[in-house]
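Here's the structure, in structure tokens; my notes come after.
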Amino acid sequence: MKKKLQALAARVKVELPALFLALKDRQTSWLAKLLAFLTVVYALSPVDLIPDFIPVLGYLDDLLILPLLATLTIKLIPKDVWQDCLDKSQGIWDSGKPKKWYYSLPIIVFWLLLLFWIGKMVYQGLNN
């Protein structure tokens, strides 16, 4: 079981950057781009659908939701585009994590909008 999880983690380290690269490819359909964007944002997001502190279920999203979303997205990307993106993503982590901080902007904007919406709902609830 431990070896399977390690293999999955190694695969994700290659597939996530490849999904990001496929997101920028013109041959990738809009649906595949949308799913690739959601997959990358979900993977990089500090907030999980199910918080990790919940026993067993906390890691369920990392072990099921993310791989299923990635698999679905990969099936929608043309095979030649996917292979090219996989080739380009090999070794992308060798020099450490990518230093381009602005890739995190969509994630930050998403969570700020979500927090704003929740704050607005709470504020309206308190004033009624």
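Criterion first (over 16 Å from Leu86 (Cα atoms), surrounded by 10 or more Cβ atoms within 10 Å (Cβ to Cβ) and at pLDDT 85 or above) does Leu31 satisfy it? Can you show your working first?
On the way: over 16 Å from Leu86 (Cα atoms): yes; surrounded by 10 or more Cβ atoms within 10 Å (Cβ to Cβ): yes; at pLDDT 85 or above: yes.
Criteria met by Leu31.
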Practice task
Select from region 70-93 the residues that are closer than 21 Å to Tyr42 by Cα and part of a helix (DSSP H, G or I) and list them in ascending order.
Solution key: Ala70, Thr71, Leu72, Thr73, Ile74, Lys75, Leu76, Trp82, Cys85, Leu86, Ser89
Fill in the blank from the handout: All conditions in (1) surrounded by 11 or more Cβ atoms within 10 Å (Cβ to Cβ); (2) at pLDDT below 80 are true of Ala36 except (2)
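Return yes or no: is Leu5 buried (at least 16 other Cβ atoms within 10 Å of the Cβ) and modelled with pLDDT under 85?
No.
The values are calculated or read from the model by the stated rules, or taken from the named source; none is laboratory data. Being a predicted model, the structure only gives us computed values, none of them experimental. Glycine also receives a Cβ, built like all others from the backbone with ideal geometry; neighbour counts cover every protein chain displayed.
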